[in-house]
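Trainee: Quick one: this structure, given as structure tokens, is what I'll be asking you about.
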Amino acid sequence: MRAILIFDNLNDVLFVKCDKKFASHILKLAKTQGLLDDKDTSNLENSIPSPNIIMQLFSPIVTSQHLMASQFGNSYTSMKFQDGTNMVFDEYIGYTFMYIAAKEIDLMRRTIGVGVSIVRHVCGPDVAILKTNWQKACLVSSLLDAWSDLRNYEQSMLIEAIEQLSVNTEVASSVLKVLHDACDKLKSSQAEFSNLHMLILVGSKFLSLYSSKNAHDLCASDILLMILLCSVINKKRKRDSENNDESNDNDILLPDNSASKSDEVKINFGAKLATPTSEDITDLFKGSRESSVNENLSSLTDEDLYSQLLLLGCQHNYTANTVHIFELSDSINLITIVEATNLSTSSGLCDSFHYLDVINNLQFQRAFDELKPAFENLDGAIKKTKWDFVRKKYNDLLRSRDPEVILQIEANTTGFVETLKELLRLTCFDRNFLKQGIDVLTTVDVMKNFPVPGILCGDYYRKLTETCFPKFSPNKVRIYELYCVHLGLTTSTCVLEHSRRLAATIWEVTGIPNNFVDIF
């Protein structure tokens, strides 16, 4: 039994990806609690629960999660049940992510972290679009399936590292020249193609990348997302070639907007671009005949071109990009990433939503000391002067620390905060159940709220850098993960010595300069 659920701050269900066993279990619980009519209980095994039923069943725990996060800043991370089922929580700008499965907690935390990252790239701050846009819901589901599949047999996805395909120098330079010429042709043809990236992926391995001069740098997580996207497209092409339109029958997606979706939208998560002609391709890559890759570019005319709008980047550096994927050959994809908006606009909007959520939580917690820097960050992110009244009220609040000023702010900013008063009564636990607990020792850990280590699940390394090196700029500190496997009994001294030698060898071969700080 497994399910991934997304709730908003009103406990409405935005997205559900579950198997049939979970759906059947939910319907049985709904029948027990009288949430189903007699006519709806005839065939529970083949029925699909409605989002309304899921909301009513999960409303107490989701409300408790909101309350713990907003008023106490101590939200749940996971729950264990006696039957072996586990429940893991995560949060993104006020939206609650929940993963239910009978798996290890660490794996579930990583899975839900990857889910949050995928939703952030696909939807941005507008997570509620998953409730109405079936195309984006299918894309999120397909990317989650691709990550789960690749993690089982691809080492790069397991350790979340980009594996570069090793080729000789002549081939590498030829491929890079082809990408360079293609970028120049695109920039000269249309002005909106001034900031773009072009990269080639061979399976799940990275071959080459060329970026225009003023383009924003791609993050490692962006390239991993491209690998997942190519995996989804390749699987769909294979399914289409076999004339098999059936998806995974074990997965159920909710909300099921049958009235607003068509079969074509359900199957195709990305829009198809017009197939280019041979003349277009020849003109685009003209002058790069010395590359052997160019000889197979005519195959683009026979294949579909897929386009998708994604939000790429990392913390405070998000940009909206149009991603075009072309299959050059079997498992060889050419990816063109065009920046659709400038960095200041897209990152400013994302930061505004983030700091609004932070201020909302601080107001519930009455944390006035932390409210001032959060408000200053919001002021810098919005960069507008249309809200002088709200600015004045916040300044009054910071000076007087009068809670009544918050009421004036809420009254003049529609949708600025969502009140959670009197919701504690919805989380009614039996006192007899509390007596079955055990005594635990609670410690304050700075890294408790960090995401799991990796580059897909969030900004773990950035937070680690800020915590360990508070006086340094994060851009001046580099973090490397070194994997060293020893078989049998090995002393710690031997492991440390081998790690030193391995690190020195890597720096010597790759030419990467030494770290600013040698932690060994």
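Trainee: Restricting to the range 503-518, what's the tally of residues that are charged (D, E, K, R) and either modelled with pLDDT of 75 or more or surrounded by 12 or more Cβ atoms within 10 Å (Cβ to Cβ) (or both)?
Mentor: As a first pass, look at the range 503-518 and keep what is charged (D, E, K, R): 508, 518.
From the residues that got through so far, the ones that are either modelled with pLDDT of 75 or more or surrounded by 12 or more Cβ atoms within 10 Å (Cβ to Cβ) (or both) too are 508.
The total comes to 1.
Trainee: Counting only residues that are surrounded by fewer than 17 Cβ atoms within 10 Å (Cβ to Cβ) and under 24 Å from the mean Cα position of the chain (by Cα), which one in the range 34-74 is modelled with the lowest pLDDT?
Mentor: Checking each candidate, the answer is Gly73.
Trainee: Cβ contacts < 7 Å: first residue modelled with pLDDT under 85, restricted to the range 145-156; second residue among the aromatic types (Phe, Trp, Tyr), any location; separation 6+ or different chain. Result?
Mentor: none
Trainee: Write out, first by first residue and then by second, each pair whose Cβ atoms fall under 9 Å of each other, whose residues are 6+ apart or on separate chains, and whose first residue, in the range 48-60, is touching a residue at least 60 places away in the same chain (Cβ under 8 Å) while the second is part of a loop (DSSP other than H, G, I, E, B) and polar (S, T, N, Q).
Mentor: Listed pairs, sorted by first residue: Ser59/Asn11; Pro60/Thr427.
Trainee: Sticking with this structure for a sec: Just to be sure, is Ala102 surrounded by fewer than 18 Cβ atoms within 10 Å (Cβ to Cβ), under 16 Å from the mean Cα position of the chain (by Cα) and in contact (Cβ under 8 Å) with a residue 40 or more places away in the chain? Reasoning before the result, please.
Mentor: On the way: surrounded by fewer than 18 Cβ atoms within 10 Å (Cβ to Cβ): yes; under 16 Å from the mean Cα position of the chain (by Cα): no; in contact (Cβ under 8 Å) with a residue 40 or more places away in the chain: yes.
No; evaluated as a whole, the condition is false for this residue.
Trainee: For the range 332-356, enumerate the residues that are modelled with pLDDT under 75 and charged (D, E, K, R).
Mentor: Of everything in the range 332-356, just one residue is modelled with pLDDT under 75 and charged (D, E, K, R), namely Asp351.
Trainee: Another question about this same structure. Does Phe22 satisfy the criteria of being in a strand (DSSP E or B) and modelled with pLDDT of 80 or more? Quick ask: steps written out before the conclusion?
Mentor: On the way: in a strand (DSSP E or B): no; modelled with pLDDT of 80 or more: yes.
Here the answer is no, as Phe22 does not meet what is asked.
Trainee: Working only within the range 468-494, note down all residues that are in a loop (DSSP other than H, G, I, E, B) and either over 27 Å from Leu158 (Cβ atoms) or in contact with a strand residue (DSSP E or B) (Cβ under 8 Å, 6 or more places away or on another chain) (or both).
Mentor: The first filter runs over the range 468-494 and keeps only residues in a loop (DSSP other than H, G, I, E, B), leaving 469-473, 477-491.
Residues satisfying the conditions are Phe469, Pro470, Lys471, Phe472, Ser473, Thr491.
Trainee: Of everything in the range 195-214 that's more than 18 Å from Lys177 (Cβ to Cβ) and out of contact with any strand residue (DSSP E or B) (no Cβ under 6 Å at 6 or more places or on another chain), which residue is surrounded by the fewest Cβ atoms within 10 Å (Cβ to Cβ)?
Mentor: So the residue we want is Asn214.
Trainee: Taking the range 105-125 only, how many residues are surrounded by fewer than 18 Cβ atoms within 10 Å (Cβ to Cβ) and either among the β-branched types (Val, Ile, Thr) or outside the structural domain of Phe15 (by the TED database) (or both)?
Mentor: Residues that pass the stated criteria total 1.
Per-residue answers, yes or no, for (1) outside the structural domain of Tyr92 (by the TED database); (2) farther than 30 Å from Leu67 by Cα; (3) surrounded by 14 or more Cβ atoms within 10 Å (Cβ to Cβ); (4) modelled with pLDDT under 75:
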| residue | (1), (2), (3), (4) |
| --- | --- |
| Thr467 | yes, no, no, no |
| Asn475 | yes, yes, no, yes |
| Val485 | yes, yes, no, no |
| Arg501 | yes, yes, no, no |
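The values are calculated or read from the model by the stated rules, or taken from the named source; none is laboratory data. Keep in mind it's a predicted model, so treat the numbers as computed, not measured. Here the Cβ is made from the backbone with ideal geometry for all residues, glycine too, and neighbour counts use every protein chain on show.
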